[in-house]
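Trainee: Dropping the structure in here first, questions after.
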Amino acid sequence: MESKKAKNILNIGVSIILILMGVFLLVFPLFGSTAPNRLLYILFIIYGGIKTIEYILTRNEKDYEDLYTGIACLLAAASGIKFVSYTVPLVLSITLFSWVGIMAIIKLIKLDYYHDRDHLMFYVNLVTFSLFILLGLLTCINLYYELSVQILILGFFFVINGLLNLAEDGIRILIDNFENIKRKRNNN
C-alpha cells in the first residue's frame, strides 16, 4: 500500500513539474528573447528525463506509459540537433506534431488497457486524450507568430498538458480510494 501511495505522490509531483515548465515558458519572454525551438528541446530533455526516472522509481511490469513518454520526449529533443538551423515555426510545428502523434499512440495503448479491464479510468483517459489531441493540433497550427508569442503558446500547451495529467492522476487516486472503500465494505 505504501508503494502505491509513493507512486501517486510521484505522479502528482511530475504533473506539477510539467505545469511549472509551462509557467517557466510563460514567464521566460520577460527575461529576453531566445530561440523557442531550443527552449522546447531543453524542456523535452527535462521532461523525458523526469518520465524515465519516474518509470524507474515506480516500475510496473504492466504499465510502460512513463517509459514510452520519456523515450518520445528524448527522441523529439534529439531531432533538435538535426533541425536547429531550420525555420523556427516550421520546425516547432513539425516537432510538436510528431511528438503529439507519438504521445497519442502511447495514450491509446493506455486507453485500450483500461477498456479491456472495464475500468472507470477509461472514460477519464478518453476525455483527457481527446483534449490533449485537440490542444496539440491547435498548438501546432498556431506557431507562426513572432518568437515571444511562440514561447507563450508553448507555455500554455505545457501548462494545460500538465493540468490534464494532474486531473487524470487525481481522479485515478479518487477512483482507487473509492474502490478500496467499497471492497472493505463488501468484506465486512
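The values are calculated or read from the model by the stated rules, or taken from the named source; none is laboratory data. Computed from a predicted structure; not experimentally measured. We place every Cβ from the backbone using ideal geometry, glycine too, and count neighbours over all the protein chains shown.
Trainee: Return the residues of the stretch 131-188 that are farther than 16 Å from Leu39 by Cα, part of a helix (DSSP H, G or I) and of a type in the set (S, T, N, Q); say none if nothing qualifies.
Mentor: Selection gives Asn161, Asn165, Asn177, Asn180, Asn186, Asn187.
Trainee: State all residues of the stretch 1-19 that are within 14 Å of Tyr47 (Cα to Cα) and free of Cβ contacts under 8 Å to residues at least 12 places away in the same chain; if no residue qualifies, say none.
Mentor: The one that is within 14 Å of Tyr47 (Cα to Cα) and free of Cβ contacts under 8 Å to residues at least 12 places away in the same chain: Gly13.
Trainee: Show the residue pairs that are 6+ apart or on different chains and have beta-carbon atoms under 9 Å apart, the first residue being within the stretch 56-68 and assigned to a loop (DSSP other than H, G, I, E, B), the second being at pLDDT below 90 and of a type in the set (A, V, I, L, M, F, W, C).
Mentor: Cβ pairs passing all conditions: Thr58/Ala6.
Trainee: Being touching a Phe, Trp or Tyr at 6+ places or on another chain (Cβ under 9 Å) and either aliphatic (A, V, I, L, M) or closer than 23 Å to Ser130 by Cβ (or both) is the filter here; which residues of the stretch 71-91 pass it?
Mentor: Ala72, Cys73, Leu74, Leu75, Ala76, Ala77, Ala78, Ile81, Val84, Leu90, Val91
Trainee: Take the conditions closer than 26 Å to Ile153 by Cβ, buried (at least 16 other Cβ atoms within 10 Å of the Cβ) and among the hydrophobic types (A, V, I, L, M, F, W, C) and apply them to Ile102. Does it pass?
Mentor: yes
Trainee: Which residue is modelled with the lowest pLDDT, if the candidates are limited to the stretch 1-44 and must be among the polar types (S, T, N, Q) and part of a helix (DSSP H, G or I)?
Mentor: By that ranking, first place goes to Ser3.
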